[in-house]
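Asker: If you scroll down you'll find the structure; I have some questions about it.
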């Protein structure tokens, strides 16, 4: 039996699929909050890799306070202009000197931000439509010591904090997550008029699902109001088709519901993001580590993006708890719903949480003792391999928002 403090118990509520009302949200990659998450995580990954290349290990840093101040734009059919640029400030802490070597952390951050934005929001011209600044302070001395001594195999937790994960995803969660991913993937590749700022809200009430989509349209690819109406209807039909792959329930899809065609008030943008016109953003104000905002679930309010991937519990335990939950429901039969909560203590090894709390809803005829040993075994294995989370984050194999 494991020496780790792992608990398995019945969940104190019904499975989410059994609840009468379910609400799920995803802010797409072009949403102002997601822009901050994406830039912060791109910078974090670049810093981690640079530290490894230069000194052989990841040094102390965090870039999870990145902020966005919206600009001003004048969209118009056929192409408008950005009147005042978006301002993005990358804020955090970074080790700038180590063993006599100066590490150009701010240059690394600016380069990473540029590469990310050019890939995620191609219509946003770097340096004119968006201005990026960076301000890094030095890390706290005591936290750098907690980061771990040379030769340590498992880092020490940087904070007393917790992470939360769940599995499997409900039908509504899968619709919301996959609809945004595919709109900003294969659909956008064939429909350049759709910008990356796609926000999706799913509501299931009983057996009826409503999906509300806010889709920023890019003016350069839309000639007139009729073209805009066609673009909105095309998105609606596509999301309805995607939803049908994940549920047999009745689904209605609504797109850009604030539009007023009579007055000409529509969701038309120059760059494909609402950040160009009045919508500010912050790291951690949007999607959780699994890519969703799920008020029917337990969640951590920690910002995952931008935190260091070595010992920052706000990042590691949110990703790890999700991996544990997904691993258990994939391998153990008879579990309908699972929530995992991991709590750390500052200065203690991250592979030995203060408690690993697994709550499950089992299938009819399956009792907790029937699955408890398997749940504990898988949880223990994932905790023992916690540094694999660090590797995957640095290599870009895990998403944080």
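Readers should treat all values here as calculations from the given coordinates under stated rules, not as data from a laboratory. In this text, all values refer to a predicted model and were calculated from it rather than measured experimentally. Glycine gets a Cβ as well: all are built from the backbone with ideal geometry, and neighbour counts include every protein chain shown.
Asker: For the range 207-247, what is the convex hull (Cα atoms) projected area averaged across all directions, in square nanometres? Working shown, then result.
Answerer: Details: hull surface 13.4 nm².
The orientation-averaged projected area of the Cα hull of the range 207-247 comes to 3.4 nm².
Asker: Here are several values of volume of the Cα convex hull per residue in Å³: (1) 119; (2) 130; (3) 141. Which one was derived from the coordinates shown?
Answerer: Comparing each candidate, only (2) matches the computed number.
Asker: What is the ratio of the Cα radius of gyration of the range 78-133 to 2.2 N^0.38 Å, where N is its residue count, to two decimals?
Answerer: Compactness ratio reported: 1.45.
Asker: With the chain treated as a Gaussian network of Cα nodes joined by springs under 10 Å, which of 316, 368, 86 yields the largest mean-square fluctuation?
Answerer: Evaluated over the chain, the most mobile residue of the options is 368.
Asker: Another question, if that's okay. Which of 401, 61, 77, 162 comes first, and how do the rest follow, when ranked by fewest Cβ neighbours within 10 Å? Walk me through the intermediate numbers first.
Answerer: Working: 401 26, 61 30, 77 16, 162 21.
Neighbour counts put them in this order, fewest first: 77, 162, 401, 61.
Asker: In the chain, what % of DSSP beta bridges are antiparallel (nearest 5)?
Answerer: Around 70 percent antiparallel, to the nearest 5.
Asker: If I model the range 32-146 as equal point scatterers sitting on the Cα atoms and use the Debye formula, what is log10 I(q)/I(0) at q = 0.09, 0.15, 0.20 Å⁻¹?
Answerer: -0.28, -0.66, -1.02
Asker: Additional query: Given an 8 Å cut-off on Cα distances and at least 6 residues of separation, report the relative contact order of the chain as a percent.
Answerer: After rounding, I find 28 percent.
Asker: Hey, could you get me the Stokes-Einstein D for the range 1-80, Kirkwood radius over alpha-carbon pairs, 25 °C and 0.890 mPa s, rounded to whole µm² s⁻¹?
Answerer: 135 µm²/s
Asker: Taking the chain as a Gaussian network, where each spring joins two C-alpha atoms under 10 Å apart, which residue of 206, 79, 71 fluctuates the most?
Answerer: Top of the fluctuation ranking is 206.
Asker: Can you give me the relative contact order of the range 171-281 as a percent, contacts being Cα pairs under 8 Å and 6 or more apart?
Answerer: 30 percent
Asker: Something else now. Kindly work out what percent of the DSSP beta bridges joining two residues of the range 32-146 are antiparallel, to the nearest 5.
Answerer: 55 percent
Asker: Residue 368 versus residue 3, label points 7 Å from Cα toward the beta carbon: distance in nm?
Answerer: 2.6 nm
Asker: Give me the distance in nm between label points sitting 7 Å out from Cα along the Cα-to-Cβ direction at residue 330 and residue 391, one decimal.
Answerer: Each label point is offset 7 Å from its Cα along the Cβ direction, giving 1.6 nm.
Asker: I'd like the distance between the alpha-carbon centres of the range 237-272 and the range 27-81, rounded to an integer number of Å.
Answerer: Between the Cα centres of the range 237-272 and the range 27-81 lies a distance of 27 Å.
Asker: Would you work out the relative contact order for the range 32-146, in percent, from Cα pairs under 8 angstrom that are 6 or more residues apart?
Answerer: Answer for the range 32-146 is 28 percent.
Asker: Using only the alpha carbons, work out the radius of gyration and Dmax of the range 171-281 in angstrom.
Answerer: Rg and Dmax of the range 171-281, Cα atoms, are 13.9, 41 Å.
Asker: In what sequence do 305, 265 fall when counting other Cβ within 10 Å, fewest first?
Answerer: In increasing order of surrounding Cβ atoms, one gets 265, 305.
Asker: Among 382, 135, 27, which comes first, second and so on when ranked by fewest other beta-carbon atoms within 10 Å?
Answerer: The most exposed by this proxy come first: 135, 382, 27.
Asker: Find how much the distance from residue 223 to residue 241 grows on full extension, using 0.36 nm per residue of separation minus their present alpha carbon separation; answer in nm with one decimal. Each step should come with its number before you reach the end.
Answerer: Working: separation 18, 0.36 × 18 = 6.48 nm, distance 2.62 nm.
3.9 nm is the gain from fully extending residue 223 to residue 241.
Asker: Taking every DSSP beta bridge with both residues inside the range 171-281, roughly what % is antiparallel (nearest 5)? Can you show the working numbers first?
Answerer: Details: 10 of 18 bridges.
Roughly 55 percent of the beta bridges in the range 171-281 run antiparallel, per DSSP.
Asker: Which residue fluctuates the most in the chain, going by a Gaussian network model with Cα springs under 10 Å, if the choices are 344, 234, 161?
Answerer: 234
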